[in-house]
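Take a look at the structure set out below.
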Amino acid sequence: MAKQIQHVLEAAGLHSREARLYLAGLQVGSAPASEYAKLAKLNRVTAYNTLEDLVKRGYFTVERKVRAKWYAPVAPEYLAVEARKNAEALDQSLPELRSLRGAEHRRPHVRFFEGWEGVRRVYEDTFTAKGELLNFANSAVLRKYWPAYDAEYVAERVKRGIHLRGIAPDDSTGRRVQGMDKDSLREIRLVSAKDFDFRNEINIYGNKVSIVTLGEDEENLFGVIIESKEVAETQRQIFEMAWRYAGGKV
């Protein structure tokens, strides 16, 4: 168990010897560096220098006594708070970090999913959208394979505040679904079902494009997620062109 906890602490940002000293501190409370060195199986100088560094970083407190300094670790809750802060800061920095990659590292990242559970994972990924979701879909075909689509997927998208603009075939299901746009945080435009009978669903969001193919049976269902700024921007432009056509503005 101690080894497992040590790995967790290292994942939270502590080096191996720092994690060992922190675990030792939880056992002894306030103690001099010599006692920490003994428990953590480090030499005294290394333990002292590491504890001093941990004090500067806020992971330990120090108290001066008659002949030595006594160290004590901060509460574990502090580590959890710091780990969350670091994770949030990294998440916010991802766009900038990606922009720093050279062209040779910006090749599309493609993930492939099979079967119904795989397809559901593709849909769940659209919940990562930070802005508007653009969509080509066949409302009737989708709901045939996923009868609870509105109660499960649409309800969750609305809960997350993700607005959708979609293009769908003009059939009875398409018109019924379009009639619920206001409550479903979306705007759908219909196109001729005879000329545009979509069988793939395409979603465009952020730097991603997801494609779901609805085959004749569950074994033939599959989905793809392509992560590429260039691919997403091109697909976004194609959608906007189709959106104008669907609105009669071409």
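One line per residue, one yes/no per condition, for (1) in contact with a Phe, Trp or Tyr (Cβ under 7 Å, 6 or more places away or on another chain); (2) among the aliphatic types (A, V, I, L, M); (3) under 27 Å from residue 244 (Cβ atoms):
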residue	(1), (2), (3)
115	no, no, no
126	yes, no, yes
188	no, yes, yes
198	yes, no, yes
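How many residues does the range 1-15 hold that are in contact with a helix residue (DSSP H, G or I) (Cβ under 6 Å, 6 or more places away or on another chain) and farther than 14 Å from residue 74 by Cβ?
2
In this structure, is residue 65 basic (Lys, Arg) and in contact with an Asp or Glu (Cβ under 9 Å, 6 or more places away or on another chain)?
no
Would you check if residue 229 is of a type in the set (Lys, Arg) and closer than 13 Å to residue 135 by Cα?
Taking the combined requirement at face value, the residue does not satisfy it.
Going by what's in this entry, would residue 55 be described as assigned by TED's automatic domain parsing to the domain that holds residue 13, among the hydrophobic types (A, V, I, L, M, F, W, C) and either surrounded by 10 or more Cβ atoms within 10 Å (Cβ to Cβ) or in contact (Cβ under 8 Å) with a residue 60 or more places away in the chain (or both)?
So residue 55 fits the description; yes.
If we keep just the residues of the range 75-110 that are modelled with pLDDT under 90 and not in a helix (DSSP H, G or I), which is nearest to residue 63 (Cα to Cα)?
The residue in question is 75.
Being of a type outside the set (A, V, I, L, M), at positive phi, surrounded by 16 or more Cβ atoms within 10 Å (Cβ to Cβ) and out of contact with any Phe, Trp or Tyr (no Cβ under 8 Å at 6 or more places or on another chain): is that true of residue 206 here?
yes
Are any residues in the range 188-209 of a type outside the set (Val, Ile, Thr), closer than 18 Å to residue 143 by Cα and in a strand (DSSP E or B), and if so, which ones?
Across the range 188-209, the qualifying residues are 189, 190, 200, 201, 203.
Somewhere in the range 111-132, is a residue at positive phi and assigned to a helix (DSSP H, G or I)?
Yes, the conditions are met somewhere in the range 111-132.
What number of residues within the range 48-69 are closer than 15 Å to residue 28 by Cα and either hydroxyl-bearing (Ser, Thr, Tyr) or in contact with a Pro (Cβ under 9 Å, 6 or more places away or on another chain) (or both)?
Going through the range 48-69 one residue at a time, the tally reaches 3.
Restricting the search to the range 139-174, which residues are of a type in the set (Ser, Thr, Tyr), surrounded by 16 or more Cβ atoms within 10 Å (Cβ to Cβ) and within 21 Å of residue 223 (Cα to Cα)?
Once the filter is applied, which keeps residues that are of a type in the set (Ser, Thr, Tyr), surrounded by 16 or more Cβ atoms within 10 Å (Cβ to Cβ) and within 21 Å of residue 223 (Cα to Cα), the range 139-174 yields 139, 149, 153.
The values are calculated or read from the model by the stated rules, or taken from the named source; none is laboratory data. Keep in mind it's a predicted model, so treat the numbers as computed, not measured. We place every Cβ from the backbone using ideal geometry, glycine too, and count neighbours over all the protein chains shown.
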